[in-house]
Every structure is written in C-alpha cells, then in structure tokens.
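Below is one structure, written out as structure tokens; the observations come after it.
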Amino acid sequence: MKSTIPKSCLIAILAALVSGCLLTSCEKKNTDYEGEAQYYHNLDDTIYKKFNIDKPKETIKFVDSIFSKLKSVNGYGHYYYYNRHRNYYNAIEDYRTSDLYADSAIKALEDENLQLHYPEQYAYALLSKGGTAFSLHNYNTSYEYYYRAITFAKRNLNVCKLKDYSYAVAMTLYSQKKYAESAKNFEQAFDEYSICKDDKRDAWHMQEIINNTALCFTKLDKADSALFYYDKALSFIKTNVASHVTPEDVKKANAVIYGNMGKVYFKKGDLDRAEQLFIRSIEVNLQPFGDHKDAQLEQVQLARLYLKRNQLPQMHAVLVALKNEFTVEKDENARLDWLQLMSQYNDLNHDRIGAFDYYRNYVSMRDSINEVNKQAFQTDILQQLKDKEQQIQIDTLRRDNRQNRIYLWISIIMIIMALTIIASVYFYYRRGKQNIRTLSLLNQEISEQKDKLEFAMAELQKSNAGKDKILKAVAHDLRNPIGGISMLAATLLEDDQHNEEDTKVLQMIEKSSQNSLQLINDLLEINIKEDTIHLKKHGVEVNDFARQVVAIMNLNADKKSQYIQLILLPQPLKVDLDKDKMERVINNLLSNAIKFSPAGATIILELQRDENSVFFIVKDKGVGIPIDMQAELFNTFTGAMRKGTAGERSFGLGLSICKQIVESHKGRIWINSTEGEGTDCFVELPIS
C-alpha cells in the first residue's frame, strides 16, 4: 500500500482491478468459454503463490516463459497476455507502451466477439484503457472509456461487479484533490467488494481501499476518522489478508499504514509517536521486498519532523540517505519535497547560494508538475461522465427529431402531390367533358369494367395472393375499350370538320390511348407468381435471326438518322428458342439503344459464343444509365424511367419482361453502363 496515492490513477487502478475483474469467474453463461479461461485463472493462482505482490518484473518474465511454451492461444489467452503486459508497463510507468497493450486487450475480445462471453473482463479492459489515457493526460479519452466501461457493466454485470468502476473514479478524484468525494467512492467500492469478495485475491485490495479512505481523511485534517480507518486496515490485514499472501507482503502493507499514521500524529503535534512510526515504516520498506518509493515518502516526512525539532544533523542524515535512494528508484513527489527540504536545510546553515539553487530547482519542478496536472484539476470526472450520458441522450433526441422532420416533409409532399393530382384530374375532367360526347356508346362498357375493377379490388383486400391474376384480368379487359377509344379518336380525326382545339384534344386522346395500350401489352407479359411464360421453342439459326431483327429495327433507327451495325458469328449456329419472344427481347434492347442515343449515332448488335453459350450484345454510345438507376432496371414497376434523346416516353416494363423471357430460356441478362458514355446490354442463352 502506498503512503500517498500516485498522480497517475492507472497504477492504483491496475492494482485494484487485477485482484478482481481479471481473475474471477462469476456465472459463466457457456461452459466451453469457462473452460477456455480456466487455464489462465489457474495461472494467476500460481502467480499469487509464487511472487510477492507489486513485483511486476518477475511476474511478466514468468508469464512470457509460459506463453512461449504454448502451442496455440485462444481469444481469452490473447486478452490475458496483453493485459498482463499492460500491467507490467504501467507499473514501471511506461504509460505509452501500457496504453498500446490496453488497446490490444480490448481488440482481442472484440475481434472474436467475446464481449458478452467475458463481460467482466471486457469492462475491465475498457476501464484499464481509461486509466492509461488518464496517465497520459488524455482526459477526454479517459472519461470516454470510463463511461463505456460503466455503461457496459450496468447492462451486462451484476451490481457487485461495479466495484472496479467505483474504485477508478475514487482514484481519479483523489488525484484531482477532491478528497471528500474520493472518500465516498472508496467507501462505496469497499461495500461493493464485500458483496462478492474472492478471499484469495480481493482481500489484499480491500485493505488498500481502507487505507486510501484513511488517506482522504488525512488530507481533510480529520485525524480521528483517519486513525479509525488506519486501525481498521491493520485489523483487516491480520484477519483477512495474512493467510492469502506472503509474510513479506504483510510486513510491507503494515509498514505503509504505519507511515500514513505517522503523518496524522505529525499533524497533531505528537512528534515522538510520529517519529517511531516513520522509522518503523522506513526500516521495512527499505528491505528488498519492500516498497522503496513509499520509504522515500516516509523519509521526507521524517526529515520534516527533524526540521520542526531543529535537529539539523538528523535531518541532514535522512536527506543524504534519501539522495542515495534516488539513484536506484525515484518517486517524483519525494524528489520534489527533497529539493524543498535541502533548500531549507542550506538556508538554516547560512549557505544562501546552495539554498537558492535547491529552491530554484524545486520551483521549476513544482511548476512543471502543476502544468501537467492543471487540466486534470480543472475537470470534474463525475460531471464529465454525466455530460457524456446527457450528450448521448441529446444526440438520440436530435436523431429522432431529424427523422420526424423527414417523415413530416414526406407526408407534406405526398399530400401536395395528392392534391395536385386531384386538381389535375378535376381540371381535365371539366375540360374534356365537352369532347367525350361522341364516346357515349362506350360508357356502358366502361361502367361494366369499372364494376369488375371494384369487385377485383374488394377481392384483393381479402387476399393478396390473387393480386397478380387480377392485374392481368383488368389489363386484358381494359385493352378492348381503350383500343376502341383509340380507334374512335382516329376515326374522328379523319373528319376534317373539327376546329383546331377539338383536333388537338382528339390527338391527345389518340396518343394517350396508344400509350395505354402499350402499357397494357407490357403488363400482360409480366410473369406473375402462379404463371410462367410458355415457350414455343424450335431450332433457330442465330445469324439469320439477328439479320431479321436488325432489318426491322433499322427502320426505326432511320427516323433518328441512326444506323444499326451487325457483327455476326463466323459460323452458323442453331439454338432452341422461342423466336417471337426472343425477337421481343432484342427489339426492346435495340429500341432502348435508339431511344437513348443521339441522332446520327451508330448502334452495334454483336453475336459471340463460347463452349456453352451464345451472347447477344447491344452496344451504344448514348446517354448511359446513372448508377442509382441501374439496380432497379429489371424491376417490374421500376422507377428508373427517363425520356429518350428525342423525348420518347418510357413505361419501365420492357426490361422486366426481357428478363423473364431470357430466364425462362435458362439464360441471363445484364447491363454495363457509364453515365454519359453509353451502355452495353448482354443476353446469354445456353446453346444446348
């Protein structure tokens, strides 16, 4: 147990957590995972029996020797290895290396998704990372990992396993000199350790927590409370710790407490009792097994005691011994106090120059330490953790608010679109009413179709399974009346007695009817769930087939001054296919190429083959297809519809039908396109 808590809370956090989180195994959910970790639990038992506590160098050598002999290491083993090395480098105050091993320990569990199989170890790894970040003065990172640790622990661990978090917060508050808050957290940590104490390991740490609580009261000048807790710590060591650790560890723990008690008696003015306790503590901790840094801190206190008594020779002897200790191992706080005491000693001996030199070095070191710790003192860890939790809640509310605004705008847009459609329908209904008198003979038939449609819609609400068949029925039945509308409009247009406005209206009716018929024809080709495309296959020579298709489509291409170039197979090839349906596929691809290519362009239909397949490839250098549309090209009711280069209209059904026809031939169809550069359409059909 240290006489003062180190500035770096990680060292203390490590000593605490190794005794708890890492080495216990509570309520494993899966016996296989428990078995994987058992070897390393046994290894820790060996370490506790073999080595003195707080002797990391011997421990890490032992661990390295064990791992060098292992043939394979599982995910938990990697975590254990990295965590032990983080422990070692933290103990020797190489915090940067310790921080790297802390990251590796977290990653070892996350890479194999072991967080929920080893929740206690994962929470400990996050907490350890927070400690190393604090030691490196990366306070934002430190609080972030502390928050992650407690959030994860509250979701996945029982309440007794939160002891390590309370201890870490207490250590951080102590390093920020917030002693009252620190004492409360130490007391809470002790209660949490008591709930699920592991007698073999946690007892050692619990005596340290009692001593730390006493240190807080010492700093608060509450001597009676401090002495109460020091006596409690000594009693706890005797009854709960001594049987689980080495005798040297017991002596060292008692020596640390004696030194801390000496500080209390020093403040109370009982210098004789304080001197006895300081000397008793120093004698033990200067032993090879002792805590040499704690001994240095007690030597500082002893030198102050001699200064207060004006026993300068004794003071000087202690300071010289302390200087020799610094050559082996040095505590930063002890070194700072030593410089101040040396300045005071030289001043009392009238060595003004020596006193000034020591004081100048003291001030420089003090300012350097204060500058490093300034940010830590300026932040409130409890408030920081509350702020992080509130920020997460705020972010969640903002995200929900943005999502609600999006939904609101979508609703508004849909309402506006619906109103626009209703207004447009109403407007054209009023305008067209006077022009449809000549279609009165068709009203009865349209009314019948409307009744059928209403009946079909009612059936659709009862069973979604029949929707596709109803769609076909409606499309088929609508073809005749709309065809009649188209024919009647064309007949009326032949009569030249109409005025200009009536003629335009009739032309609009005819054009809309033709577009509707094309859409209905496409709908009738769609492959609905219960139906399949019925093929009438026979042997077709593909070169001749391609020539016939191109001959017809070149007529359409001529209208835009375009030309279709045909590249045939070098040898004739017969393939079994439904000629009419495949002609529809190639016609559709060529029609799209014509539609989306500029006037005067050359379009290529190329035939290729390999051992098992024949390929029809339609290439153009037209406008290309945007990437966001390509995924929808083969959907039945795709939204990937655009006008052609001459304003041609698209219904978005052609490629869906092509895909069904090709796949019914056991083939496949795909498209490679770059916007602004052109499109290549591929149709692959099996030869056999």
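The values are calculated or read from the model by the stated rules, or taken from the named source; none is laboratory data. Since the model is a prediction, treat every value here as computed from it, not as a measurement. Here the Cβ positions follow ideal geometry from the backbone for every residue, glycine too, while neighbour counts run over all protein chains shown.
Data for the structure
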| item | result |
| --- | --- |
| Residue match in the range 214-229 (condition: under 30 Å from H41 (Cα atoms) and either without any contact (Cβ under 8 Å) to a residue 12 or more places away in the chain or not hydrophobic (A, V, I, L, M, F, W, C) (or both)) | no |
| Residues satisfying the stated conditions in the range 325-343, i.e. of a type in the set (F, W, Y) and buried (at least 18 other Cβ atoms within 10 Å of the Cβ) | W338 |
| Residue within the range 572-592 that is among the basic types (K, R) and in contact with a Phe, Trp or Tyr (Cβ under 9 Å, 6 or more places away or on another chain) present | yes |
| Within the range 649-673, considering residues that are modelled with pLDDT of 65 or more and surrounded by fewer than 16 Cβ atoms within 10 Å (Cβ to Cβ), the one farthest from T602 (Cα to Cα) | K666 |
| Test set (1) out of contact with any helix residue (DSSP H, G or I) (no Cβ under 9 Å at 6 or more places or on another chain); (2) surrounded by 15 or more Cβ atoms within 10 Å (Cβ to Cβ) - L568 fails condition number | (1) |
| Residue in the range 78-91 that is surrounded by fewer than 18 Cβ atoms within 10 Å (Cβ to Cβ) and either at pLDDT 85 or above or basic (K, R) (or both) present | no |
| Selection status of V250, surrounded by 21 or more Cβ atoms within 10 Å (Cβ to Cβ) and in a helix (DSSP H, G or I) | no |
| The range 228-268, residues that are of a type in the set (S, T, Y) and either closer than 17 Å to F278 by Cβ or out of contact with any Ser or Thr (no Cβ under 8 Å at 6 or more places or on another chain) (or both) | Y230, S235, T239, S243, T246, Y258, Y265 |
| Test result for E112, surrounded by 22 or more Cβ atoms within 10 Å (Cβ to Cβ), within 25 Å of the chain's Cα centre (by Cα) and at pLDDT below 85 | no |
| Matching residues in the range 48-72 - criterion: being modelled with pLDDT of 75 or more and in a helix (DSSP H, G or I) | K57, E58, T59, I60, K61, F62, V63, D64, S65, I66, F67, S68 |
| From the options L523, L488, residue that is modelled with pLDDT under 70 and surrounded by 15 or more Cβ atoms within 10 Å (Cβ to Cβ) | L523 |
| Test set (1) under 21 Å from F186 (Cβ atoms); (2) touching an Asp or Glu at 6+ places or on another chain (Cβ under 8 Å) - Q299 fails condition number | (1) |
| Single residue of the range 595-627 satisfying the filter (in contact (Cβ under 8 Å) with a residue 60 or more places away in the chain and β-branched (V, I, T)) that is surrounded by the most Cβ atoms within 10 Å (Cβ to Cβ) | V618 |
| Selection from the range 257-289 of residues that are touching a residue at least 40 places away in the same chain (Cβ under 8 Å) and either among the hydroxyl-bearing types (S, T, Y) or closer than 20 Å to V320 by Cα (or both) | G259, S281 |
| Qualifying residue in the range 258-268 (condition: surrounded by fewer than 17 Cβ atoms within 10 Å (Cβ to Cβ) and either in contact with a Pro (Cβ under 6 Å, 6 or more places away or on another chain) or farther than 18 Å from W338 by Cα (or both)) | yes |
| Which numbered condition R584 fails, given (1) modelled with pLDDT under 95; (2) farther than 24 Å from H534 by Cα; (3) of a type outside the set (G, A, S) | (2) |
| Residue in the range 213-233 that is over 27 Å from T172 (Cα atoms) and either assigned by TED's automatic domain parsing to the domain that holds S182 or assigned to a helix (DSSP H, G or I) (or both) present | no |
